[in-house]
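To start, the structure itself, in structure tokens.
The values are calculated or read from the model by the stated rules, or taken from the named source; none is laboratory data. Just so we're clear, the structure is a prediction, and the values are computed from it rather than from any experiment. Neighbour counts run over all protein chains shown; Cβ positions are idealised from the backbone, glycine included.
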Amino acid sequence: MPTRLIIVPCHSVWKFATQSTESSFSTKYELGETADQWVLAPFQYEGNDHLSFIAHSLRAIVELMKDLENNVVIFSGSQTKVELGPMSEAQSYYYLTYKIINTFMKNDPMPDCFQMEIIPLLKQIVKSFEQQPSEFNLSTLFVPNLITTEEFALDSFDNLLYSIARFKETTTLYPDYITVCGFGFKEERFLKFHSKAIDFPIDRINCISYGPNPNYNTKNEIDKYFKNLEKAENKNALSLFVKDWYGTCDPLFNKKISRNLYHRTARYEILDTMHLNGQQITDCESHFDLYIKNKMPWSINKL
């Protein structure tokens, strides 16, 4: 029975997942390797975030294949790009990941920009395939009990909690361990804030980080980029989650509303248990003590 949840927090939508017939893309690969294949926010261009999205996804598959009996990968992200219709971030990552692995396994040409981080991950995946029975193939891997999507999450807190809930829907149990494959600068959110807010044991969650990787030639430029990134993370996320653990108050709540373009509402049973079903929480510590601390299925000191 699966015990480890591997989460890929999604950050955008790959345009070709919609099977668009538009011919405006100047790429011969269509493997997510260029920024124009994604709907990106302005701040996502500088660090080549789209390449990190791919690395996050492939590293999750690498982790999955280390123990197919106990691991489940969940791509987590809602329908956030109105120009691409109801295609979710999670679905687009799913389709792109399948396509990239399939392309590589057929020995088709790969983009040059994949050489540094993405090709090594693909080689690890192929090596894992070679250790499986001969009948094991990509279609055997991309099945719901091994790889699935969570399509309601609108921020990093949702990525964690909703993926746990989706794991329960998929396996009938909650995970004992969690691995998050994402950006390094968001690691503190998951380990210091989100896991604490839901009482998930800190020693049972870990983060595997890739990117961002800006195209700068000097150390000063690179240092400046990451210094500014750290400031933005503190201003726009960490300092807000310190006061608003569950993202139910502005500005965090308003940010989620602005992303919920298709008016999706999560109905996971754990949200009722935690009393996180729509009400504003102004005293997070009291809410935690009353409804969550030592009361979760995964709590260490469960009452």
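Residue 93 meets the stated requirement of being surrounded by 22 or more Cβ atoms within 10 Å (Cβ to Cβ) and among the aromatic types (Phe, Trp, Tyr).
Within the stretch 1-49, restricting attention to residues that are closer than 20 Å to residue 86 by Cβ and of a type in the set (D, E, K, R), which residue is modelled with the lowest pLDDT? Here the answer is 22.
Taking the stretch 94-138 as the range and being of a type in the set (Asp, Glu), within 15 Å of residue 51 (Cα to Cα) and out of contact with any Phe, Trp or Tyr (no Cβ under 9 Å at 6 or more places or on another chain) as the test, only 112 passes. Residues in the stretch 163-181 that are part of a strand (DSSP E or B) and more than 21 Å from residue 244 (Cβ to Cβ): 177, 178, 179, 181.
Meeting the requirement of 3 or more residues that are of a type outside the set (S, T, N, Q), under 21 Å from the mean Cα position of the chain (by Cα) and more than 21 Å from residue 184 (Cα to Cα), the helices (runs of 4 or more DSSP H) wholly within the stretch 218-264 are 252-259.
Here is a yes/no grid of residues against (1) buried (at least 16 other Cβ atoms within 10 Å of the Cβ); (2) within 24 Å of the chain's Cα centre (by Cα); (3) not hydroxyl-bearing (Ser, Thr, Tyr):
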| site | (1), (2), (3) |
| --- | --- |
| 103 | yes, yes, no |
| 106 | no, no, yes |
| 112 | no, no, yes |
| 139 | no, yes, no |
| 149 | yes, yes, no |
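Which one of these is assigned to a loop (DSSP other than H, G, I, E, B) and under 12 Å from the mean Cα position of the chain (by Cα): 160, 154? Give the derivation first.
Numbers: 160 fails: assigned to a loop (DSSP other than H, G, I, E, B).
Answer to the check: 154.
Annotation note: Cβ proximity below 9 Å between a residue of the stretch 126-142 that is at negative phi and a residue that is surrounded by 11 or more Cβ atoms within 10 Å (Cβ to Cβ) and among the charged types (D, E, K, R) (sequence gap 6+ or interchain) occurs for 128/66. Residue 87 meets each of the listed conditions (1) in a loop (DSSP other than H, G, I, E, B); (2) out of contact with any helix residue (DSSP H, G or I) (no Cβ under 7 Å at 6 or more places or on another chain) apart from (2).
Yes/no per residue for (1) at pLDDT 95 or above; (2) within 17 Å of residue 158 (Cβ to Cβ); (3) exposed (fewer than 11 other Cβ atoms within 10 Å of the Cβ); (4) of a type in the set (Val, Ile, Thr):
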residue: 266; (1), (2), (3), (4): yes, yes, no, no
residue: 270; (1), (2), (3), (4): yes, yes, no, yes
residue: 274; (1), (2), (3), (4): yes, yes, no, no
residue: 284; (1), (2), (3), (4): yes, yes, no, no
residue: 290; (1), (2), (3), (4): yes, no, no, no
residue: 294; (1), (2), (3), (4): yes, no, no, no
residue: 303; (1), (2), (3), (4): no, no, yes, no
